1. Quickly run through the stretch B:164-194 and pick out the residues that are within 14 Å of another protein chain (Cβ to nearest Cβ) and farther than 16 Å from B:TRP225 by Cβ.
2. Just the residues that are assigned to a loop (DSSP other than H, G, I, E, B) and at the interface with chain B (Cβ under 8 Å from one of its Cβ atoms), please, taken from the stretch A:74-98.
3. Which of the residues spanning the stretch B:43-88 are surrounded by fewer than 21 Cβ atoms within 10 Å (Cβ to Cβ), free of Cβ contacts under 8 Å to residues at least 40 places away in the same chain and assigned to a strand (DSSP E or B)?
4. Scan the stretch A:31-68 residue by residue and report those that are assigned to a loop (DSSP other than H, G, I, E, B), within 10 Å of chain B (Cβ to nearest Cβ) and more than 10 Å from the chain's Cα centre (by Cα).
5. Could you tell me how many of the residues in the stretch B:246-276 are surrounded by 15 or more Cβ atoms within 10 Å (Cβ to Cβ) and either charged (D, E, K, R) or at negative phi (or both)?
6. So, in the stretch B:54-112, of the ones that are β-branched (Val, Ile, Thr) and more than 26 Å from the chain's Cα centre (by Cα), which residue ends up farthest from the other protein chains (Cβ to nearest Cβ)?
7. Kindly list, by first and then second residue, each pair from a residue in the stretch B:277-288 that is crowded, with 19+ Cβ neighbours inside 10 Å to a residue that is in a loop (DSSP other than H, G, I, E, B), limited to pairs with Cβ atoms under 7 Å and residues at least 6 apart or on different chains.
Amino acid sequence: MKTVLLLSFALSAWAQDVDVAAAKKAEQRECTQCHSLRLIHSQRLSKAAWGKELDKMAGWGAPIKDRELLLNYLSAEYSDAKPVPNDPLSSDGSSKSR
Amino acid sequence: MMYLSNRRQVLTSALAALGAAARAKAQASSAEPAIAGKSPMILHNDFPEDLEMPSEYFDQWLTPNDKFFVRQHIPRPDVDLAAFKLTIDGMVAKTSELKLDDLRKLPQHKVVATLECTGNGRGFFRPRVPGIQWGRGGIGNAEWTGPRISDILKLAGVKTDAPYLTANGLDVPAIKTPDFIRSLPMKKALHPATLLALEMNGQPIPSINGGPTRLIVPGWDGTSWVKWVNQMTVAGEANTGFFMNPAYRYPKYARPPGSPPVPAELEVIEGMRVKSAITRPSDDDKVTLGPVTISGYAWAGEEKIMRVEISTDGGSRWKDAELTPQNLNFAWRLFKMSWTPSKPGYYTILSRATDSAGNVQPIVAPWNPSGYLYNAIDRVGITVEKSA
């Protein structure tokens, strides 16, 4: 089962020809002015839902240069077929002044 | 793989030996950022901060400020307290400006009120919906202190027959994001428990939770509780910005799970619904045969909590839990029950709250496209093991 899933994932990534390294650079450059990447990476969405998010963010001023690149990357890496991660705990900041 | 699962077992038993709070701290990997002023929190996002309270902290009726959840939509402002002023404008004879000292001179009122993120529990909806995948911890209960909105409007000489009061905070749009602005029906704004709080649990409100001035709208969803408020506008109509429409709206007519929203049929969310959640034990916990303490919280928006029942057999039989004594509108009650299972095995534990209007928590929370107002009967499963 795992092999089938991995294989189908690999095939779909190959079919879409996702340049993960370029996409990671793009999301760092184009998304983090307003929020950190955690907000993106904790989501698991369908390709259609990722498309909507990208369009919403572009409308709010995200300087997205290559929509297809990000869309293919996000919908492969953070697909709704994958389990939602348990977000980690932050380190203790209670004694730090705010 | 074997190595990994053994390591996990060792870690799990070592953690089980620690106290609850110590466990939360021990699990906080040093690789994750610390949020100034906050104990370890479930880190949905660090910039801007979206922090959920871990189940381990739900043991106090008043949630300490360092453990209180945080939901920011856009990066928060740097606030200059000396320069701070609150502007009251709109349908007024004359625009007024009040400084923090003016607000401190007004009669100060204390209200204990529960604040819950509109999307708390979103992670339990199926099919899943986009947005922060809150579990049980997008909620806290605090004592808020500050002047009543009605007294502020009186001081500013405002006639309060307009239908809305619109609140804006010092946070400003990032690039072209919408500004966070919310309108409140004047009737709710004038309620004696609706405050512009300056203090949270006896301390100036931490900036991360909206200080120096946060709108307190008891019984209503967190979205109404505007942070860093520096402008209140008396208005004939509700604001039409993104955070009033389409965001934070709920379908007037329920539709099948997974259906797209019908924009014309979405309504502004106001009061919150009766709800309880189990914070101890945690789902998938393993315990040794012996007494088990089941605890959690229950609240009901503008109503009071009258009853919380627990089932340890998947819902065949229910038993009343003990409730904390303070029985107030707007504030949660914590519940507790000691239960001694008679034999080992897997148990499904449920909690069900009833409020002062007779509303009972539903078995299934109505699915909605943004995942708001999750309030289904809570459920955790635990394995009771034979003692060694």
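The values are calculated or read from the model by the stated rules, or taken from the named source; none is laboratory data. As the structure is a computational prediction, the values presented were derived from the model and not from experiment. Every residue, glycine as well, gets a Cβ built from its backbone with ideal geometry; the counts of neighbours run over all protein chains shown.
1. B:VAL172, B:PRO173, B:ALA174, B:ILE175, B:LYS176, B:THR177, B:PRO178, B:ASP179
2. If the condition is that a residue be assigned to a loop (DSSP other than H, G, I, E, B) and at the interface with chain B (Cβ under 8 Å from one of its Cβ atoms), then A:ASP80, A:VAL84, A:ASP87, A:PRO88, A:SER90, A:ASP92, A:GLY93, A:SER94, A:LYS96, A:SER97, A:ARG98 are the ones that fit.
3. The one that is surrounded by fewer than 21 Cβ atoms within 10 Å (Cβ to Cβ), free of Cβ contacts under 8 Å to residues at least 40 places away in the same chain and assigned to a strand (DSSP E or B): B:ASP46.
4. As a first pass, look at the stretch A:31-68 and keep what is assigned to a loop (DSSP other than H, G, I, E, B): A:32-37, A:42-44, A:46, A:60-66.
Then drop every residue that is not within 10 Å of chain B (Cβ to nearest Cβ), which leaves A:32-37, A:42-44, A:46, A:60-63.
Residues satisfying the conditions are A:THR32, A:GLN33, A:CYS34, A:HIS35, A:SER36, A:SER46, A:TRP60, A:GLY61, A:ALA62, A:PRO63.
5. Here is the first cut: in the stretch B:246-276, the ones surrounded by 15 or more Cβ atoms within 10 Å (Cβ to Cβ) are B:247-251, B:255, B:261, B:266, B:268-276.
Imposing the further condition that a residue be either charged (D, E, K, R) or at negative phi (or both) reduces the set to B:247, B:249-251, B:255, B:261, B:266, B:268-276.
Summing the residues that are surrounded by 15 or more Cβ atoms within 10 Å (Cβ to Cβ) and either charged (D, E, K, R) or at negative phi (or both) in the stretch B:246-276 gives 16.
6. B:VAL92
7. B:ALA277/B:ARG136; B:THR279/B:PHE58; B:THR279/B:ARG136
Table: residues versus (1) in the same structural domain as B:PRO163 (by TED's automatic domain parsing); (2) over 21 Å from the mean Cα position of the chain (by Cα); (3) on the phi > 0 side of the Ramachandran plot; (4) not aromatic (Phe, Trp, Tyr).
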residue	(1), (2), (3), (4)
B:ILE181	yes, no, no, yes
B:LYS187	yes, yes, no, yes
B:GLY202	yes, no, yes, yes
B:SER207	yes, no, no, yes
B:GLY219	yes, no, yes, yes
B:THR223	yes, no, no, yes
